[in-house]
Every structure is written in C-alpha cells, then in structure tokens.
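One structure is given below, encoded as structure tokens.
None of the figures in this text is laboratory data; all of them are computed from the coordinates on show. All values reported here derive from a predicted model rather than from experimental measurement. Backbone-built Cβ (ideal geometry, glycine too); neighbour counts: all protein chains shown.
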Amino acid sequence: MRRLPSSVCSPSSHHLNPITSMSTGSNSLVWFRKSLRVHDNPALEHASKCSGSMYPVFVIDPHYMEPNQSSFSPGSSRAGVNRIRFLLESLSDLDSSLKKLGSRLLVLKGEPSDVILRCLQEWKVKRLCFEYDTDPYYQALDFKVKEYASSVGVEVFSPVSHTLFNPTEIIDKNGGKAPLSYQSFLKIAGEPSCADSELVMSYSSLPPVGDVGSLGVSEVPTLQELGYRDDEQDEWTPFRGGESEALKRLRKSISDKAWVANFEKPKGDPSAFLKPATTVLSPYLKKFGCLSSRYFYQCLQRVYKDVKKHTSPPVSLLGQLLWREFFYTTAFGTRNFDKMKGNPICKQIPWKEDHDMLAAWRDGKTGYPWIDAIMVQLLKWGWMHHLARHCVACFLTRGDLFIHWEQGRDVFERLLIDSDWAINNGNWVWLSCSSFFYQALSPITYHMDLFFVSKVYLFICLHFLRRCFFGGGIQYNRIYSPISFGKKYDPDGKYIKHFLPVLKDMPKQYIYEPWTAPLSVQTKAKCIVGKDYPKPMVMHDEASKECKRKMGEAYALNKKMNGNIGDEDLRDLRRKLENDEESNIRNQRPKLN
Ligand code: FAD
C-alpha cells in the first residue's frame, strides 16, 4: 500500500514506497457504492488486508439504471442519462485501476441487498467491507445487510470516509441535535481527524479475485448494453466520470496556488461555462466518491501552508468543503429532512400545485432567457454554477412561481450529475426560505453567514449585493431578479446565446428581455417572441410582489402557530392566498408587446 504523507498533495510528490498487502486468510468482499476510487478508501484497504481472495463488487440496481420511457428526460426512473453515463465511466475507470493491481470489478445485477446476501453465501465471505452512508436509502439497505451478516458470523467493516467528520459524532457533541448554522457547526466540528493522518493512496497489488461461481458476474456494461441509444441526448455533459479524471481535475485546480488562495464565494461568475469559476469537483466528490474529500482537504491545507495569505471559511475553497459537511450533518440529524411536512426545521408554506408552470421551468421555457439558459445547462450538462442554481431555485419557489421546493428538488435530483440527497435537499430548503433560521431567511442572510469573518467586509458586501440585485423590503423576501442578476456578469448574454441558440442573433440590449424588442428587431433576429421563444410566463415585478405577500402571510401563520401547523390550516391559507391572487391578477394584466 502507498500511504500519503503530509507532503503528498504537492503535485510532484506522488511516488511513495509501496507496502505490499498481505494475501493470506479468509475471503473478503468490498462493496463499492459511492467510494468509486482506489485512493483513500478504508473499506478497500481493510478488505485487502489478510484476505485469501477479495471480491470487489458493484451492484447494478435495474430500477436506478435501466431506461424508463415515461420519464420527462432520457434516463431511468431515478436518474438522467448524463449521470448514468458518468457512473458507467466511473465504474470502468475503477475496473481498470483494479485490473492493474491484479484484481477486477465484479458487476452484478438485481436488488442490492439480495445480491450481496447471495454473494456472501456463495463465496463463503468472512469479511464484508463498505463505506458508511448517511442517506436514508443506504441506512435501510445497510441495516438489512448487517443483520444478515451478523447472523451468519460475517465481520462487517463500515468506516465513515465519504465526509471529513462523522455526522454522528458532531450531533452527539451538540447534545443530540444537528447544528443549524454553519458557524455553530464549525465551532463544534473543529479540525477533522484526517488533518494529520496518512491516507493510503495506492497499492502495489491487491489479493486475487476468487472463483465467482454462477452468480452472473459481468464486466461494466456500456450504455447501449443497458438499453440506451447513442443519440439519447443531443449534447452530453463535458464532464467525464472516474477517479483518474477526478484526480486530474483536482491537481489542475490546486496547481494554481494563487487561485486557491484567493478563492472567494459568492464572488465568481455564474455565467462562465467554457472555464467555470469553480472547481467542478462536486460530481466526483458527491455522488460517486471518485475523489476523497479527505485528500482534497489535505491538498488545500498544503496550498494554504505554502502561500502567505489566503481566504478563510466560509468563503474559501476549504469553506465550500465545510458547507458539504454542514449539510451532511444537518440532514442526518433531522427527521423528514427531504420533506416539508413532518420536518421540524422546515417552515410550512402553502406552495402552489401547477404542473404546467413546473414543466415550463423544468424544460427551460419560462420566457426569461437567464432562467431558461440555466435550466438548459442542467438538462444538457447536469451541472451549473452555485449562483445559477440559486437563481432558478428562487424563481421556482418564493421568487416568481411559488411552486413547492420539493418539486424543484426532484428535477435537480434527477438531472444533476452531482445530485446528492443531503446537499440538494439542504440547498432547496435554504433557497426557498423554508429553513435554517427562525428569523427572516434569504440569500442575503445566507451570505451574512458567509461573511461573518469580517464585519467591515460583511457590511460592504451586503450593501453591494442589496444595491445590485435586490429591491427594497425586509430580508426574507429579497429576490434574485431573472433579468438584472445575470446581466451584471454577462452583459452580452454569451451564456444565454450558447444554451439558447434561438436567441443567438438577438441584440444584447434585449437579450435578457426579448419580449421588449420591437417586432422589427425580433424579425431580424429570427426570433419572434411567442412563436420561436416563449413570452414570459409571469411578469417578474408582479409575480415577485405576489410571492412576497404569500411568504409574509405564511411566515406570520408559522409564527402564530409556533410551527404547529396542521393540514387544514395550510389548506385554509392556500385558499385565501389563491383568492387574493385571482383578484390581484384581474387588476394587473401583463403588458406584452
Ligand atoms: P466549488 O465551489 O469548487 O466547491 C468545492 C466543493 O465544495 C464542491 O465540489 C462541493 O463538494 C462543496 N460545496 C460547494 N458549495 C456547496 C454548497 N452550497 N453546499 C454543499 N457543498 C458545497 N451540490 C451538490 O454537490 N449536489 C447537489 O445535489 C446540489 N444541489 C444544489 C441545489 C441547489 C438549489 C443549490 C442552490 C445548490 C446545490 N448544490 C449541490 C451546491 C453547490 O451548488 C454545488 O456543490 C457546487 O456548485 C458544485 O460546484 P463546484 O464543485 O465547482 O464547487
């Protein structure tokens, strides 16, 4: 095994003395789910020790992987095809790394717990190793597998290695409750234990795979073998899956020490797509664990040591990694975290049900080019900049359409290549102003948390953000403008023109509001609004005013009832809000060209 000394993060120091793994003893099975990597993989490390044979397994759950024609986008019933391709690329990369070490990935198909139980029996496994997972899906699955394993005397090793901290320990330290603010999380968390530990980065060899018998083991399938066509998408995500790609991307990011040292979110251009303003490491860290967060952490610490001055959490790159930890811990410690109902930290808000509006938002047909371009980037690439996510989440929920955050969450969950249960839910709850603060909650308060480091800086930034992007009013109803926010970064509309080619000839003064262009201009640009590109589905000024009114009433009800709002209370409020809205709409018809 190759261990990672503290200096390994410097790009030149990756050649370390190998420690050969011992290859005697009983059979072990390493069950790959998220940690699709060789480096810093404690489950793999443990399985490889003292094993006669080691069975590295990945189970394809047909429900997750096989095409489903009735979904709104190409893919399975649970995932868009971009993410399925990313997963297959990650599996192939893992298989080829294992093959170089004398092993291979054994791919099996079926309900994962049934398959694993059969493997344990058939291969006479004595040690089962897999990464601990806090997602509810895995909690239920792992409970079943562990119960069986202990009943038949199989040793189970399930280390926490997806995150820097163990969420259970943080919650225990906080008196049994998940910390609900980033600052309190940081205080409780302190330094992660990986700060000074050596990580195993590679091996000189791995124990051989034993006889696989007749369990139907296969190689990693291709997309076509799973039933997808080559032309399933007209444009595929530019981000390729796998550990090799993840490490390449990480090294490229950290090799620019000045960039790492000066990284500051929420600065950075959400419209930069040819060279994104952030690392785009999320698909590798989150969904599939192609990159170890602990390795990323050590690399960042190494850079910070080498440079004189650098930004700090929460705005720094390290700060971003800690947001990930914060959401994992909160999600793990909160009942019904992925729902409004029954979620003790979520405000009860009478969101609207409107399938047509939801579909227009999802398909990039709202008539607001900035919003539509972001949604098309999601459909085509499965990844967008963080602030771009803010804009579309705000637009769907409390900004313009007043549609339930759970429905937006579902669309993201399906299409993002970095889709992650804890982080996606956490951010949707946040962006819809449904949780995390008992007081007013908005991107401003979010950024307040971000800027706690310096009070002066905080004041300047809040003032700047307020002036640039939001109108007046109290904080919880400050809203991202679907027109002026994007324009600030990309006045020429290059991002819009790339993702919405129908607007490529629209002059820049109309690119964010094409419905205001005279008909002669629309004709010349070969884009007639209402025919070639949709009219805006709502007028932002009026819609956002309506949303603010509704949020105000919902917040007041939450306060009055001290959070104990029943179905009937919510139904009554919804009815009242809808009646009020109807009369308001009658008085304020949109004025379109
Ligand atoms: P960088 O800025 O380079 O940050 C480095 C790493 O820090 C990221 O890879 C990620 O692991 C972590 N990170 C950064 N921002 C956040 C954040 N706000 N919360 C948690 N971790 C963070 N991220 C996901 O990984 N999966 C999701 O399903 C997801 N859903 C989101 C939904 C909404 C509505 C919003 C507003 C944000 C969501 N995010 C999600 C968070 C964030 O947008 C992405 O993590 C980030 O844009 C990824 O780009 P990056 O790797 O270049 O980030």
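Observations, loosely collected:
- For the chain, the Kirkwood estimate of the hydrodynamic radius, built from every pair of different alpha carbons, is 25.7 Å.
- Karplus 3J(HN,Hα) series, Hz, for the stretch 274-286 with 6.51 cos²θ - 1.76 cosθ + 1.60 (x for Gly, Pro): 6, 10, x, 6, 10, 6, 6, 9, 4, x, 7, 6, 7
- Annotation: amide H-H contacts under 5 Å for GLY75 (H modelled 1.01 Å from N, sequence separation of 5 or more, or interchain): ASN68, VAL81.
- Built amide H within the under 5 Å cut-off of LEU199, gap 5+: LEU4
- Put simply, the amide H of ALA272, placed in the peptide plane, has neighbours under 5 Å in ALA277, leaving out anything fewer than 5 places away on its chain.
- Among the lysines of the stretch 7-162, pairs at least eight places apart or on separate chains and with Cα atoms under 28 Å apart come to 29.
- In plain terms, the C-alpha convex hull of the stretch 251-310 casts an average shadow of 4.5 nm² when viewed from every direction.
- Set of the stretch 109-125 residues, backbone N closer than 20 Å to the point 7 Å along the Cα-Cβ line of SER77: 109-116
- Each Lys or Arg adds one and each Asp or Glu takes one away; over the other residues whose Cβ falls under 12 Å from the Cβ of VAL376, this sums to 0.
- For the chain, the Cβ-based charge dipole about the Cα centre amounts to some 1760 debye (Lys, Arg positive; Asp, Glu negative; other atoms uncharged).
- Ranked list, fewest to most other Cβ atoms within 10 Å of each Cβ, for LYS494, LYS526: LYS526, LYS494
- Links that overshoot a 18 Å alpha carbon limit, given the list LYS265/LYS308; LYS488/LYS531; LYS504/LYS531; LYS265/LYS497: LYS265/LYS308; LYS488/LYS531; LYS265/LYS497
- Annotation for the stretch 561-584 versus the stretch 150-198: alpha-carbon center distance of 40 Å.
- Counting Lys and Arg as +1 and Asp and Glu as -1 over every other residue whose Cβ lies under 15 Å from the Cβ of GLU413, the net charge comes to +3.
- For the chain, the longest piece that avoids every one of the chymotrypsin sites (Phe, Trp or Tyr not before Pro) found in DSSP loops with at most 15 other C-beta atoms within 10 Å covers 73-437.
- Label-reachable residues, the stretch 106-138, where backbone N falls under 17 Å from a point 7 Å from SER26's Cα toward its Cβ: 117-130
- Relative contact order of the stretch 7-162, defined on C-alpha pairs under 8 angstrom at six or more residues apart (%): 26
- Calculated FRET efficiency for the pair SER218/ASP492, C-beta based, R₀ 45 Å, to 0.05: 0.35
- The stretch 151-284: radius of gyration over Cα atoms, expressed as a fraction of 2.2 N^0.38 Å: 1.51
- Calculated from backbone phi, Karplus (6.51, -1.76, 1.60) coupling profile of the stretch 481-496 in Hz, x at Gly/Pro: 6, x, 10, 7, 4, x, 4, 3, 8, 9, x, 7, x, 4, 4, 4
- The phi torsions of the stretch 202-214, fed into the Karplus equation with coefficients 6.51, -1.76 and 1.60 and a -60° offset, translate into couplings of 7, 10, 7, 6, 10, x, x, 7, x, 5, 8, x, 10 Hz, rounded to whole numbers, with Gly and Pro shown as x.
- Ordered by the number of other Cβ atoms lying within 10 Å of each residue's own Cβ, fewest first, CYS290, CYS119 fall into the sequence CYS119, CYS290.
- Were the residues from GLU66 through LYS508 laid out at 0.36 nm apart, the gain over their Cα-Cα distance would be 154.8 nm.
- Taking all C-alpha pairs of the stretch 7-162, those more than 21 Å from each other amount to 50 percent.
- Over 19 Å apart at the Cα level, from the set LYS352/LYS559; LYS248/LYS305; LYS352/LYS548, are LYS352/LYS559; LYS248/LYS305.
- Calculated FRET efficiency for the pair LYS308/ASP211, C-beta based, R₀ 45 Å, to 0.05: 0.20
- Loop-located trypsin sites (Lys or Arg not before Pro) across the stretch 205-283 with a Cβ neighbour count of 12 or fewer within 10 Å are ARG229, LYS267, with loop assigned by DSSP.
- Two-site FRET efficiency, LYS248 against THR516, from Cβ-Cβ distance with R₀ of 45 Å, rounded to 0.05: 0.50
- Using only Cα coordinates, the Kirkwood hydrodynamic radius of the stretch 288-444 works out to 16.9 Å.
- For GLY268, neighbours were defined as the other residues whose beta-carbon sits under 15 Å from its Cβ, and their charges (Lys and Arg +1, Asp and Glu -1) total +1.
- For ASP234 and HIS355, the difference between the fully extended length at 0.36 nm per residue and the C-alpha to C-alpha distance is 41.0 nm.
- Our estimate of slack between LYS100 and LYS124, defined as 0.36 nm per intervening residue step minus the Cα-Cα distance, is 6.1 nm.
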